[in-house]
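The values are calculated or read from the model by the stated rules, or taken from the named source; none is laboratory data. This is a predicted model, so every value here is computed, not measured. Here the Cβ positions follow ideal geometry from the backbone for every residue, glycine too, while neighbour counts run over all protein chains shown.
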Amino acid sequence: MGANGTQALDGRARSIIGPGQALQRDRLMLCGVIVTYGARKSLLYATLQAALGSGIDRAVVVDNGSRWPVRRDLAEDFAERVDVVRLGKNAGSAPGFKAGIARALELGAERLLILDDDLALTPQTVERLQRSLDHSAARSGFARCAVCAYRKSAMERMILVEGQGLARAVAPPILRFSIMRLLRGLVAHTRPSLTSEMFKAQGPTAPSETSRVAFAPYGGVFIHRSAVEWIGLPDERFSLYWDDVEWTYRLTARGGSIVIDRGAPLGELEISHPFRKPHISRFHSLLLRDAGPGDYRIYYEIRNAIYFSAYPARRDISYLGVRVAAFRLGIFALGIALRRNARSRVIREAVNDGLNGRLGYNEKYPLE
């Protein structure tokens, strides 16, 4: 890259980081970015120990409203290898990862590995991600690519069961319901023995080692600083859910690529989304799971999914209108049948806010 290109990238980086904050680019550095909250000290320590022992030079930990002295304890146990950013309260994943990624750029990180606070790295995973990113960059340049480690619980269905359909489709799952899927859910729920060949998912039985996707979850994303300077930081207005989808989708929407590398497995210390339980349909799941305390999960999940579909993904308006109308009708009718009118109102409010672009932290639905 010539001098003008380097200056342009540095200018974008300064606008991301903020005025008056100098960039330190005196050496190459691989930096991990981790967000933690609540009482997850043991999980965070296991993640940090694995990361720092696997080739990560330094880690940025964002204290997103933890209930223990994160800065003090990490300074005692990890010294200068861990940098802490404190947000004061749990504002959600979007503000957390935005702050952490910005700090990593400020520290001079050339490559960033985004991690949840319950993921375990191995040296082989880091080496594989390095090679995969170099391979992708050889074709398109570092600014236009990212790779992602393979997390079985989060990606097995994405790649194996649906043949990457879930990863490539930019419509949220709540708007991709079908009669066949509902029928399959009814049979599986009431008569598991009758889930015969006709209901088995038609996916590839021997997927390739790498899979191109439209977006990826935060956990395991390996990206060069120039790509972050190109697409910007996560949008903190999402607060929680779909912020990682929107952020990574910017890369592919602009012609870049994201590759999930199955040869770079990422261990999970705690399975994500433990609040999800099997139900007959997605409608049942949204109405029945986590009554009362779980309203904030439902609200942010649906609001942000609808917003993403209507704005960043720019779905065809006729497609979106018909699907949203059917979703509203299904939730309303099933809410009455299941006597979950309060949850039905939360869902309808989320749909309206998403369609009208009302994002940000909603005080009616505080996070844990």
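Miscellaneous remarks
- Evaluating residue 298 against the criteria (1) modelled with pLDDT under 50; (2) in a helix (DSSP H, G or I) leaves one unmet condition, (1).
- Of all residues in segment 350-368 being surrounded by fewer than 18 Cβ atoms within 10 Å (Cβ to Cβ) and part of a helix (DSSP H, G or I), the one that is farthest from the chain's Cα centre (by Cα): 352
- The residue that is farthest from residue 39 (Cα to Cα), among those in segment 109-124 that are of a type outside the set (Asp, Glu) and at pLDDT below 95, is 124.
- Odd one out for residue 83 among (1) touching a helix residue (DSSP H, G or I) at 6+ places or on another chain (Cβ under 6 Å); (2) not in a helix (DSSP H, G or I): (1)
- Every residue from segment 242-258 that is over 16 Å from residue 310 (Cα atoms) and either in contact with a Pro (Cβ under 9 Å, 6 or more places away or on another chain) or of a type in the set (Phe, Trp, Tyr) (or both): 244, 248
- Subset of segment 1-40 (residues that are of a type in the set (D, E, K, R) and either part of a helix (DSSP H, G or I) or modelled with pLDDT of 55 or more (or both)): 10, 12, 14, 40
- Number of positions in segment 41-65 that are over 20 Å from the mean Cα position of the chain (by Cα) and either of a type in the set (Lys, Arg) or in a strand (DSSP E or B) (or both): 2
- Counting residues in segment 51-65 that are among the hydroxyl-bearing types (Ser, Thr, Tyr) and at pLDDT 95 or above gives zero.
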